[in-house]
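Only one structure is covered here, and it is reproduced in the block below.
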Amino acid sequence: MRVPLIVLLTILPPSLFAQRPEQKPEVPVEQWKGKTAMLVGAHADDDQLSHGTLALLQAHGNQVYVVTLTTGNVGTQDPNLSRTQLAEIRRREELAALAELGIPAEHYINMGYDDGLLEFEDRKAVVENLVRLIRKLRPDVLFAWDPGKNYQRWHKSDHRAAAYLTADAARAAMWRLLFEGQITQEGLKEYMVPEYLLYNDYDHDDENITVDINDFVEKKVSAGAKYVSQFGPGWKIYKPSLSEAELKDMKELTRKWVRIKDGKAFEGFRYYRGLPDALGK
């Protein structure tokens, strides 16, 4: 028996059709102090999308950790670089970029997976490793690729995998009987991440907050200019040292990517607070 739509509308609770109110942090991000922030990205340079916000948080007395899932050992057009050489270059560049933001080298963690193949890794093992980090660092806010709001967001392979692996780890970390060896043998405790700042690189429709990074633009630009092997003159033929002119060009290119609204620089995120089971809603 088919129930007419008009009947369903009268018998189902109105809350079912209510649009979820847009979430906002209780305290603006620009005023956060004493928090632990953990960013998970697929590659060295994924955190570039949040460099202004990370520099702001670091400057305001927060603890910032950056976790990169892959070594970045594939993405180059230079035929003379081996995978090992490229991985070493990408690590040096990432540490140099984080130093520009004031983030200490010991707060950088690379999980060592192969670039371009993240979705083919053992998902359980990757999630378990991320759960361990979440339970160890116990972040107040987790930065991650946005897995999508109400639908699967389109990302290239590693970014898509990173989005869902991180979301799955955030859900798993709160259940003490998942990966319980971490609790019974390693002395860790289950943990629920209270706040999220979700980012992506091109589709900004789902963003619900902006962070004023106007005072940290130069740090963002200087950090972005460290990724010589990722773009600019080092993309096709890598060179460890740039001329003054080449460095100026790198900074100008990075500056063009800074988003401006009403004359001020900003970074946008989808802010989410609450149980991670509803992270995609």
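The values are calculated or read from the model by the stated rules, or taken from the named source; none is laboratory data. All values derive from a computational prediction rather than experimental measurement. Glycine gets a Cβ as well: all are built from the backbone with ideal geometry, and neighbour counts include every protein chain shown. Just the protein is used for accessible areas: all its heavy atoms, side chains included, with ligands, DNA and RNA removed. Shrake-Rupley method; radii C 1.70, N 1.55, O 1.52, S 1.80 Å.
Of everything listed in (1) crowded, with 17+ Cβ neighbours inside 10 Å; (2) farther than 14 Å from Ser229 by Cα; (3) of a type in the set (A, V, I, L, M, F, W, C); (4) out of contact with any strand residue (DSSP E or B) (no Cβ under 7 Å at 6 or more places or on another chain), the single unmet condition for Ala105 is (1).
One line per residue, one yes/no per condition, for (1) touching a strand residue (DSSP E or B) at 6+ places or on another chain (Cβ under 8 Å); (2) at pLDDT 95 or above; (3) among the basic types (Lys, Arg):
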| site | (1), (2), (3) |
| --- | --- |
| Trp145 | yes, yes, no |
| Tyr151 | no, no, no |
| Leu177 | no, yes, no |
| Gly187 | no, yes, no |
| Asp203 | no, no, no |
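Inspection of segment 193-207 finds no residue satisfying the criterion of being open to solvent by less than 40 Å² (accessible area, probe 1.4 Å), within 30 Å of Glu88 (Cα to Cα) and acidic (Asp, Glu).
Identify, please: which residue in segment 75-84 is open to solvent by 50 Å² or more (accessible area, probe 1.4 Å) and outside any helix (DSSP H, G or I) and is, among those, modelled with the highest pLDDT? My answer is Ser82.
So is Phe216 in a helix (DSSP H, G or I) and aromatic (Phe, Trp, Tyr) or not? Let's see the steps before the verdict.
Working: in a helix (DSSP H, G or I): yes; aromatic (Phe, Trp, Tyr): yes.
Answer is yes for this residue.
Only a single criterion out of (1) out of contact with any Gly (no Cβ under 8 Å at 6 or more places or on another chain); (2) within 20 Å of Ser50 (Cα to Cα); (3) among the hydrophobic types (A, V, I, L, M, F, W, C) is not satisfied by Met192, namely (2).
Would you tally the residues in segment 140-164 being within 15 Å of Tyr199 (Cβ to Cβ), touching a residue at least 40 places away in the same chain (Cβ under 8 Å) and open to solvent by less than 50 Å² (accessible area, probe 1.4 Å)? Going through segment 140-164 one residue at a time, the tally reaches 13.
The criterion of being open to solvent by 50 Å² or more (accessible area, probe 1.4 Å), in contact (Cβ under 8 Å) with a residue 40 or more places away in the chain and in contact with an Asp or Glu (Cβ under 7 Å, 6 or more places away or on another chain) does not hold for Arg176. Might you let me know whether segment 223-246 holds any residue that is out of contact with any His (no Cβ under 6 Å at 6 or more places or on another chain), loosely packed, with under 14 Cβ neighbours inside 10 Å, without any contact (Cβ under 8 Å) to a residue 60 or more places away in the chain and in a helix (DSSP H, G or I)? Checking segment 223-246: at least one residue is out of contact with any His (no Cβ under 6 Å at 6 or more places or on another chain), loosely packed, with under 14 Cβ neighbours inside 10 Å, without any contact (Cβ under 8 Å) to a residue 60 or more places away in the chain and in a helix (DSSP H, G or I). Those helices (runs of 4 or more DSSP H) of segment 102-201 in which 2 or more residues are touching a helix residue (DSSP H, G or I) at 6+ places or on another chain (Cβ under 6 Å) occupy 123-137, 157-173. Restricting Ala125, Ala97, Ala87 to residues that are of a type in the set (A, V, I, L, M, F, W, C) and open to solvent by less than 10 Å² (accessible area, probe 1.4 Å) narrows the list to Ala97. Taken as a whole, the condition of being open to solvent by 50 Å² or more (accessible area, probe 1.4 Å) and farther than 27 Å from Glu88 by Cβ applies to Gly263.
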